[in-house]
Every structure is written in structure tokens, then in C-alpha cells.
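Some notes on the structure that comes next.
The values are calculated or read from the model by the stated rules, or taken from the named source; none is laboratory data. This one's a predicted model, so the numbers in the text were calculated from it and none came from an experiment. Counting neighbours? That spans all protein chains shown, and the Cβs are built from the backbone with ideal geometry, glycine included.
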Amino acid sequence: MKTSIESLKESHTSPLSGANLLLTMYDLPSEDPKEPGLPDEFHDFQPELLRRTFKPPHYQPEQVFSGSDLNLYYDLAHSQWYKRPDWFGVVGERSFYESAQLRRSYVMWQERVPPMVIVELVSPGTEGEDLGETTHQEEEAPTKWEVYEEILQVPYYVVFNRYIGQLRAFFHENHGYEELPLTEPKIWMPKLELGLGLWFGTYETGLRKIEGFWLRWYDLEENWILTDTEIERQRAEQERQRAELLAEKLRELNIDPDIVGLSPQD
């Protein structure tokens, strides 16, 4: 947690080194020139890790919602306009729209609670849009940056470029975004009582274990927040250690722990 992006890079071998020769959607032409392709696997797994570790301590689970690649509609006067953040988190709102129904989209004039934080994952060609360097014509929909900054006024906006290991964060104040100076690859968010930082490790999802650099949430003590899978593994390890300790004490008393384990309880 207390290392810079540069030292993180130096201390680990890039997990992408063997995959650089593989063709991607950016190398292959698309049948639709306006659509170069779908997001890569990182855009699936990274938002999933953010969702699984997004646990603001002062909100009940039913007051927390996060979405990824979900249409976010923001203007009733232009009801077809939307943005699709790579990941966003909302607090203070029920996590299931209309009781048990899963959301098909996030519609601001129905939800009425804007995101507290939005994370965009830079893809080749999207950095200018993600960082507010693009403009729009008068008859066109506003840019992503304009929606987040001016219309929704999202308090925390984070842009992560995994290709160069760059993490940038913006906080909404004085009617606009101010970039937060980062001396380490992490951002503390007082409104959430959570921090977001760059972690190197193995993320386990389903049957896959993927090593690399990931964004994930951490708590006030700078402990990485665990996923449900990691919590279960931690509990299992604690139980194993307790069982080993008990078995050792029984052996010291010349008692076979296997026999004791099979004996009926009094």
C-alpha cells in the first residue's frame, strides 16, 4: 500500500508480457467502422472486483448499488441520451430497483440519487474522452466529462490507464473537478469512508485466477477489503490452524486427535 506506481512496476514482472503478440479488436477491422469492438476481458473482471469490494462501512447493503457497463440516463428532456460508465457506485439508495427486480439501466429521473463515484478504464483511443479533452457540437449529446462534472456532479471521478499504470482522480468542488495530487497509487474518499488503490495480486473469479495490477477498495486502516471468496478462504485457513493447534496439544497429552475426533460427544 505504501509504494508508488513506479516501485510497484519495478517489483513485479508484467503479467501481460506473454500476451503482447495476441491480436486484439484494435488490430482487426470491424464490420462497423463506428464500433471497433467490444471491451476486453479486463473490462469484465476489473468492475467485478470493484463491486465485490465496494463496502462503505456506514451504509447497509440494501443502501449500496454499483453498476458496470449499464446505461446511465441523465436528461429527461433528452431521454435517449445516456453514458455507460465502466463502473459506478451509488450509496443511500436501495440496491434493487422496485424490490427484487434487477435494473436494466440507471435512470436518473427515477432513481434521483446520482453516483458517488465513477471509474473509467482507459482503452486505446478513449483517453481524451475520459479526461475531458473532447468537445461536442451544439446539437450533439454532451461529453462524458460534461455529464459527470456539470450535470450529475459526481463527487469522485477516477480514470485508470492500465497500459501505463496511471491512476488519476478528480474531486468535485467549486462547481467543477479539481485533480487530486497523488503521491501514491491510491485515493481516500472521506464521503465514503473508503479508499481506492492499485493492488498487485491474484484475483480469483469463478474457475480463473488472474495475476496482475487491479483497482480495489481499502478501509481506514489501509487493509484491502476482501471478496466473499477471500473471506471464505480466510475462515477456512483459520479453522485449519485452530484444528492443528488443538491436535498438537492433544498429542502432548498422548491422545490421538483422530480418535478424539471420531469419538461421540458427551
**Asked** So, in region 108-154, of the ones that are in contact (Cβ under 8 Å) with a residue 24 or more places away in the chain and among the polar types (S, T, N, Q), which residue ends up surrounded by the fewest Cβ atoms within 10 Å (Cβ to Cβ)?
**Response** 153
**Prompt:** Quick check: is even one residue across region 231-248 under 20 Å from the mean Cα position of the chain (by Cα) and touching a residue at least 24 places away in the same chain (Cβ under 8 Å)?
**Reply:** no
**Request:** Name every residue in region 133-153 that is out of contact with any Asp or Glu (no Cβ under 7 Å at 6 or more places or on another chain) and part of a loop (DSSP other than H, G, I, E, B), in order of residue number.
**Result:** 133, 134, 135, 136, 137, 138, 139, 140, 141, 142, 152, 153
**Item:** Residue count for region 170-188, restricted to those that are touching a residue at least 24 places away in the same chain (Cβ under 8 Å), under 18 Å from residue 216 (Cα atoms) and not aliphatic (A, V, I, L, M)
**Value:** 4
**Complete:** Condition set of a type outside the set (A, V, I, L, M) and within 11 Å of residue 167 (Cβ to Cβ), scope region 177-207, selection nearest to the chain's Cα centre (by Cα): answer is 197
**Item:** Qualifying residue in region 221-234 (condition: surrounded by 11 or more Cβ atoms within 10 Å (Cβ to Cβ) and in a strand (DSSP E or B))
**Value:** yes
**Request:** Consider residue 228 carefully, then state whether it is under 16 Å from the mean Cα position of the chain (by Cα) and modelled with pLDDT under 95.
**Result:** yes
**Prompt:** Hey, among 59, 157, which residue is assigned by TED's automatic domain parsing to the domain that holds residue 191, in a loop (DSSP other than H, G, I, E, B) and surrounded by 15 or more Cβ atoms within 10 Å (Cβ to Cβ)?
**Reply:** 59
**Item:** Residue that is in the same structural domain as residue 86 (by TED's automatic domain parsing), surrounded by 13 or more Cβ atoms within 10 Å (Cβ to Cβ) and not hydroxyl-bearing (Ser, Thr, Tyr), where the choices are 185, 257
**Value:** 185
**Item:** Residue in region 113-130 that is under 25 Å from residue 40 (Cβ atoms), in contact with a Gly (Cβ under 6 Å, 6 or more places away or on another chain), outside any helix (DSSP H, G or I) and among the aliphatic types (A, V, I, L, M) present
**Value:** yes
**Item:** Checklist (1) surrounded by 14 or more Cβ atoms within 10 Å (Cβ to Cβ); (2) in contact with a helix residue (DSSP H, G or I) (Cβ under 9 Å, 6 or more places away or on another chain) applied to residue 195, failing item
**Value:** (2)
